[in-house]
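Presented below is the structure to which this report refers.
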Amino acid sequence: MRDAWKRLCGRQHHHRSLAPGRRADLKQLNSAFDKAAIVELNPIGEKFDPHRHQAMTTIASDKPPNTVVHVLQKGYRLHERVLRPALVTVAKAPNS
C-alpha cells in the first residue's frame, strides 16, 4: 500500500486539488510505519538472502555472483520478521 501511495503522489493528475490530501495520507502512513517499527527493504548491492528477498531473474553483471543488482519492488520487515520480501534481480556467475 505504501508503494502505491508513493507512486500516486509522484504522478501528475488532472485533479491537482487532491494532491495535498494524498501527500497528507502518505505522511500519516509513513508515521504509522515508523511507530510500528516497519522497515523498508531496499537491498541493492547486498548479498542475496532468500529469507528477505525473492529473486525474479538473474542477469550477467560485473558485480559478484548472488549480489542484488536491481530491486523491482521494495520489501518490508517488522523487527526481524519479513512482511513482504523484496522482489529483486540477482547477478549470476559469468559462465552460467
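Since every read-out is calculated from the coordinates, none of them should be taken as a lab result. Bear in mind the structure is a predicted one, so any value in this text is a computation, not a measurement. Counting neighbours? That spans all protein chains shown, and the Cβs are built from the backbone with ideal geometry, glycine included.
Note on segment 39-96: Rg/Rh from Cα positions, Kirkwood definition for Rh, rounded to two decimals, is 1.00. Between residue 26 and residue 61, the modelled label-to-label distance comes to 2.6 nm, taking each label 7 Å out from Cα in the direction of the beta carbon.
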